[in-house]
1. Given a 1.4 Å probe and every protein chain left where it sits, what share in percent of the accessible area of the stretch 1-110 is carbon and sulfur?
2. Please find, in a Gaussian network model of the chain (springs between Cα atoms separated by less than 10 Å), the residue of ALA68, ALA95, ALA83 whose mean-square fluctuation is greatest.
3. Would you calculate, for the chain, the mean residue ellipticity at 222 nm contributed by helices, counting each DSSP H stretch of 4 or more residues as -39,500 (n - 2.57) and dividing by all residues, to the nearest 500?
4. Who wins for biggest fluctuation among THR142, THR58, THR130 in a Gaussian network model of the chain, springs between alpha carbons below 10 Å?
5. Just to confirm the filter: which trypsin sites (Lys or Arg not before Pro) across the stretch 87-180 are DSSP coil and have at most 13 other Cβ within 10 angstrom of their Cβ?
6. Taking the DSSP beta bridges in the chain as the whole, what percent of them are antiparallel, to the nearest 5?
7. Determine the distance separating the Cα centre of the stretch 127-155 from the Cα centre of the stretch 45-70; give it in Å without decimals.
8. With the chain treated as a Gaussian network of Cα nodes joined by springs under 10 Å, which of LEU37, LEU112, LEU134 yields the largest mean-square fluctuation?
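The values are calculated or read from the model by the stated rules, or taken from the named source; none is laboratory data. Bear in mind that the values here come from a model prediction, so they are computed numbers and not experimental data. Glycine gets a Cβ as well: all are built from the backbone with ideal geometry, and neighbour counts include every protein chain shown. SASA here: full protein model, heavy atoms, side chains in, ligands and nucleic acids out. Shrake-Rupley method; radii C 1.70, N 1.55, O 1.52, S 1.80 Å.
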Amino acid sequence: MNVVFLDRDGTMIVEPPDEQIDSLEKLELIPGVIEGLRLLRDKGFELVLVTNQDGLGTDSFSQSSFDAPQKKLLGILQGEGIAFSRIFICPHTPADQCTCRKPKIGLITDYLEEKKPDLRRTFVIGDRETDVQLGKNIGCKTIRLGDSPQSNADIVTNSFLDACRHVVSTIRTAHIDRTT
C-alpha cells in the first residue's frame, strides 16, 4: 500500500500569522491542493491527515472553533472526490511532551502496524522540519514545502502540486506492446 501522510496548516491550508485556523475567514487553500490531492488519489495513494493543533479543546483554542473550518475543508475536498482514509490530530502543546505530537509517531503507530504501508512508496508532505522528522521516524520519504535550504527532507519545493507530482513519479509503470 502506498500512503501519503499530509500535514494540514501551512501545507494544504495557508497558515495565518497566529498559526490557528480557528474561523472560516482564515480557511484558504494553498494553490494546487485540489489538483495535487486528485493526482495522488488517482494514482492509488491512500491519503492520511496528521496534524498538531496546539491546545485544541482548551479555552485558547476551542473544539468548536477548530471544527467549523475542518468540516468546511473536508466538505470542499469531498465535493472534489477527495477523502482522507484516516485523520490524526494531536491536541497537545510542545510543553505537554506527549507521545503523539509530531515528530513522534505515537499518533499513527497503530495505523502503521495495521496497514503496513510500503515505506519505499510512502511519503510525508509538510511545511515544517517536524514533518520531515516524522517521515524519518516512520522510515519513509519526505517532502518539505517552502524554501528552507537547511531541511533534511528528501525534496524541498515551494509548490504543493510539484510535491504531489514528485510522489506519483516514483511509481514504476510499464507498457508492453505485443505483436503476434
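1. 51 percent
2. Largest GNM mean-square fluctuation: ALA95.
3. Numbers: 5 runs with 54 residues, N = 180.
It lands at -9000 deg cm²/dmol.
4. In this elastic network of the chain, the residue with the biggest mean-square fluctuation among THR142, THR58, THR130 is THR58.
5. Details: sites: ARG101, LYS104, LYS115, ARG120, ARG121, ARG128, LYS136, LYS141, ARG144, ARG165, ARG172, ARG178; in loops: ARG101, LYS104, ARG128, ARG172, ARG178.
Taking the stretch 87-180 and a limit of 13 other Cβ atoms within 10 Å, the loop trypsin sites (Lys or Arg not before Pro) found are ARG172, ARG178.
6. Working: 2 of 22 bridges.
Antiparallel bridges: around 10 percent, rounded to the nearest 5.
7. Cα centres, the stretch 127-155 to the stretch 45-70: 21 Å.
8. Looking only at LEU37, LEU112, LEU134, the biggest GNM fluctuation is shown by LEU112.
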